[in-house]
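Reading through the structure tokens given below for one structure.
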Amino acid sequence: MPLSRILGSITVTALTDGEGPFFQPRAEAFPGATAAHWHEADRREPGSVTADGGWWLPFRAFALRVGDGPVTLVDAGIGPAGSPAASWAPVPGRLPAELAAAGIDPADVHTVVLTHLHSDHIGWAVTGTPGRPYFRNAAYLLQRSELAAVESINPGLPAGLIAPLRATGQLRLVDGDTALTPGVRLLPTPGHTPGHQSVLLDTGDERVLFTGDLLVHVVQLVDPDLAYAHEADPATARHSRTTLLDQLAGTPTLLATPHLTHPFTPHPLPTPPSSTPRSPRPPPRRPDADQHRPAPKRPAPLIAPRPTDRASPRVIAPRPR
Ligand SMILES: [Zn+2]
């Protein structure tokens, strides 16, 4: 049964398209991670490590719905058997059954945000032969900079994904920070791919960041500086990750992630009970305990211009034990 979070009148539902072992040893996927990083990551998410030390990961999309109105989907999963992800993903996807279990008719999906064009995020966007948009009533939102890089990301996508979306007039390109609806913004978070984007839901009382692959493993919350081997531009990806996580850290935020063990992860991570923080800080509050906090003033843009150099060391360092 899909797991949901209710924020006022908004329901956010995690839809698991599949799960299984990653094809590559995790030490290769995160070459900078130390034994201390893995120790802390495995303590936080024991479900992310297999018996033989591999990486076990889910593949998720998320649905946002106000009341019983139109649905916004963030990402489109692995896709059916034979989809582009089939060459490496552990299983074919089961998103249609997950949508049904969540009470969502694909015809009610009016917006599909594609965080990026990797094959485990676009699987159900276009299906069949010839390919047709699976969500026939939806606008598919993609950053223009991601489309510009489509050939380098996957040379099969112009014909297999983009052309069918264009043929039905369902592709909508966005440029940078874009308000989608009141309280929902698309935030450019480049690096994992050139035009990667995340989605921020801010009700004034509570926030959910749909990360996409801004981070793909809890080890990158233990230490957001850690690069993932399949990032197109690791330095830019690191900057997007650390900047956005730093900027969100002042207000408790739920991270809705495709690949972490838990679909909703509090940010900042709760302080481990067995360790002593280096400096005092207030205990994290659960967003749903914050109903009466006044709405914050609109902060500065979440992604600031990229500095030429990162001068200061990371604040969120793993705590050796
Ligand atoms: Zn992914």
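The values are calculated or read from the model by the stated rules, or taken from the named source; none is laboratory data. Here the structure is a predicted model, which is why all the values come from computation and not from measurement. Cβ atoms come from the backbone with ideal geometry, glycine included; neighbour counts cover every protein chain shown.
General observations
- Looking across segment 241-255, the residues that are more than 24 Å from I6 (Cβ to Cβ), buried (at least 20 other Cβ atoms within 10 Å of the Cβ) and either more than 13 Å from the chain's Cα centre (by Cα) or more than 16 Å from the ligand (Cβ to nearest atom) (or both) come down to L244, L245.
- Among the conditions (1) within 16 Å of the ligand (Cβ to nearest atom); (2) within 18 Å of L248 (Cα to Cα), N154 misses just one, which is (2).
- Unique match (being without any contact (Cβ under 8 Å) to a residue 40 or more places away in the chain, on the phi > 0 side of the Ramachandran plot and not hydrophobic (A, V, I, L, M, F, W, C)) among G67, G103, G77, G131: G103
- Given (1) away from the ligand (no atom under 15 Å from the Cβ); (2) surrounded by 18 or more Cβ atoms within 10 Å (Cβ to Cβ), number of the condition D205 does not satisfy: (2)
- The set of residues from segment 89-129 being touching a helix residue (DSSP H, G or I) at 6+ places or on another chain (Cβ under 7 Å), outside any helix (DSSP H, G or I) and more than 16 Å from the ligand (Cβ to nearest atom) comprises just one member, V126.
- Selection within segment 208-226 - within 17 Å of T253 (Cα to Cα) and more than 15 Å from the ligand (Cβ to nearest atom): V208, L209, L221, V222, P224
- Flag for E146 being at pLDDT 95 or above, assigned to a helix (DSSP H, G or I) and crowded, with 16+ Cβ neighbours inside 10 Å: yes
- Close contacts from segment 53-64, counting a first residue that is more than 23 Å from H39 (Cα to Cα) and part of a strand (DSSP E or B) and a second that is among the aromatic types (F, W, Y) and within 16 Å of the ligand (Cβ to nearest atom), with Cβ to Cβ under 8 Å and a gap of 6+ residues or different chains, come to A61/W124; F62/F210.
- In segment 216-233, the residues that are closer than 17 Å to Q197 by Cα and assigned to a loop (DSSP other than H, G, I, E, B) reach residues that are among the polar types (S, T, N, Q) and within 15 Å of the ligand (Cβ to nearest atom) with C-beta atoms within less than 8 angstrom, at least six apart or across chains, in these pairs: V216/T257; Y228/Q220; A232/T193.
- If you go through segment 1-48 and keep only what is under 12 Å from H217 (Cα atoms) and aromatic (F, W, Y), you end up with F22, F30, W38.
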